[in-house]
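These notes are about the structure you will find just below.
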Amino acid sequence: MESDSETHSGEDTTPDDWMELADDSPDASPAASPAASPANSPAVAQKPSEKKDFKLSLITWNVEGINREKRPERSRGLVKYLNLYKPDVVFLQELIPPYVQFLKKRFVSYLMIEGGEKGYFTGMLLKKSRVKFVESEIVPYPTTQMNRNLLVTQVIVNGQKLCLMTSHFESFKANSKERMNQLHVVKRWFKRAPDDVTVVFGGDTNLRDAEVPKVGLPATVCDVWERLGKQEHCRYTWDTTTNTNQNISTTARFRFDRIYLRPAIKRGVPHLAPDHMALVGLEKLDCGRYTSDHWGIYCTFSAE
């Protein structure tokens, strides 16, 4: 979550009974009203493709795990969406330890990679049938005041080497300098990756548009949303005009959640490019809350 009036008063990082309640019961499904129907949502009108030539499908989502409000129901909502889209890779932010244990139980066909152990942190889910895990590491941000870091995982998909990265950059408008410092760290990882490796970064960056050009991304790196034509219905991933989870009276719309891609540039190696993006989590659950105060991003990539 993020705003100048952001509060973490709901934070709870100790295991409790909510995980036992978070099963796959139907009451976690999106509300059935016509306005909330996925078929009427422009961001999810395209169902996950059954095409077999996709190199990679991915979801990145800040799941608001630190907020207690309707957390069992919201966690079931996450399960519903992941089961619908069945992505190869899932980047998650604002996980807490019991949320991780819940996901491990529900998704045994995925490998969970954790970006921390205490407080709230990031993580990845890797589909075992598609993604071969090689190694991972947690890269600290030297000057963070919020215990943020960069989770880096090396994998192989269809014989192709990938470097997957996720992070939750420093929150609040006042922390612009630290956010840009963290983007600099991500930039270095893009630049240091070997030519035969495809690099994908996704996460809750909290970035304001004016901050990115001050850091500058390598010419080989693209912002996936921009590459796909800056579709308006995918622009705002934190939007209080629609999402009421935070009960914030002021209107705020930001593209906090972003995906960056650096395709492998070595000759003879498949050149990956994005071909579809949609926001997920736009449907209010029966409990009256959304799965998170952020929309998730679903994205697919294929070889050009």
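The values are calculated or read from the model by the stated rules, or taken from the named source; none is laboratory data. If you're wondering where the values come from, they're calculated on a predicted model, not measured in any experiment. As a convention, Cβ positions derive from the backbone with ideal geometry for all residues, glycine included, and neighbour counts pool all protein chains shown. The accessibility values were calculated without ligands, DNA or RNA, using every heavy atom of the protein model including side chains. Shrake-Rupley method; radii C 1.70, N 1.55, O 1.52, S 1.80 Å.
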Point-to-point label distance, T241-S109, nm (Cα→Cβ direction, 7 Å offset): 3.8 nm
Protection-proxy order for peptides 224-231, 88-95, each taking the mean of Cβ atoms within 10 Å per residue, highest first: 88-95, 224-231
Furthest towards positive pole of dipole, F91, T144, F102, structure part the stretch 76-146, Cβ charges: F102
Report, by chain and number, residues whose modeled amide H sits under 5 Å from the one on V280, excluding near sequence neighbours (fewer than 5 apart, same chain). G296, I297, Y298
Karplus 3J(HN,Hα) series, Hz, for the stretch 228-237 with 6.51 cos²θ - 1.76 cosθ + 1.60 (x for Gly, Pro): 8, x, 6, 4, 5, 6, 10, 5, 9, 9
Under a 5 Å amide H to amide H cut-off, with H placed in plane at 1.01 Å, what residues pair with Y110 once short-range neighbours are removed? K128
Using label points projected 7 Å from each Cα along Cα→Cβ, tell me how many nm separate D209 and E137, to one decimal. 3.6 nm
Work out from phi, with θ = phi - 60° and the Karplus expression 6.51 cos²θ - 1.76 cosθ + 1.60, the ³J(HN,Hα) of each residue of the stretch 106-117, listed in order in whole Hz, and give x for Gly and Pro. 7, 10, 6, 7, 10, 9, 8, 10, 9, x, x, 10
Exposure of H184 as accessible area (Å², to 10), given a probe of 1.4 Å and all protein chains: 70 Å²
How far is it, in nm, from the label point at A273 to the one at H184 when both lie 7 Å from their Cα along the line to the Cβ? 3.4 nm
